[in-house]
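Working notes, beginning with the structure itself.
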Amino acid sequence: MRKFKLVLISICLAVLSSCSCEPEDLAKLAMSGMENLMGAGFMPSDEIRAMGNFQSMSVNLSQSTLEDSTESTIFLKLENGDPLILGNQPEILARKCAEIYLGDFEKSDNYQIITVQFIQTDPANPENIAMQEYTFEVADFIPPSN
């Protein structure tokens, strides 16, 4: 992970110092570089954003070792979605978001669990946060092979 951060910082510094691009172009370049390192589909798609009208989205990948087993998890954080959409069966929305993400991310089969987090912050008090979390087995989304 440390090597990844150093490479990403180096790329960003090289790009920023060598061109006078628009900020949107720089963001697209950074995202494409991230996807090249992490695998196609790593960044959540606009389809997921539209499903809940989320203001921001992020992904964290985690591996933990407990005794003789390793557990690997994808954390899909979806922030400040439309409360009317989230209030109507959020577990179904979470499952659909997980399904879309796992279908897009080429390295999803390297992980055992996906956790979808819906995070809402109070605009008047950003320290006031509500979170709903739904966890699914990645294997449940992989079609059976014939």
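The values are calculated or read from the model by the stated rules, or taken from the named source; none is laboratory data. All of these numbers come straight from a predicted model, not from anything done at the bench. Methodologically, a virtual Cβ is constructed for each residue, glycine included, from the backbone with ideal geometry; neighbour enumeration extends over all protein chains shown.
Among the residues of region 88-114 satisfying the criterion of being hydrophobic (A, V, I, L, M, F, W, C) and part of a helix (DSSP H, G or I), which is surrounded by the fewest Cβ atoms within 10 Å (Cβ to Cβ)?
Across region 88-114, the extreme among qualifying residues is ILE92.
Taking the condition polar (S, T, N, Q) and at pLDDT 95 or above, does GLN89 pass?
It is false that GLN89 is polar (S, T, N, Q) and at pLDDT 95 or above.
Mind checking which residues of region 42-80 are in a loop (DSSP other than H, G, I, E, B), more than 15 Å from LEU102 (Cα to Cα) and not charged (D, E, K, R)?
ASN53, PHE54, GLN55, ASN80
How many residues are more than 17 Å from VAL138 (Cα to Cα) and modelled with pLDDT of 90 or more if we restrict to region 50-82?
14
Give me the pairs, please: first residue somewhere in region 103-117 and closer than 11 Å to PHE141 by Cβ, second residue anywhere and part of a helix (DSSP H, G or I) and of a type in the set (Ser, Thr, Tyr), beta-carbon distance under 8 Å, and either six or more positions apart or on two chains.
SER108/TYR101; ILE114/TYR101; ILE114/SER108
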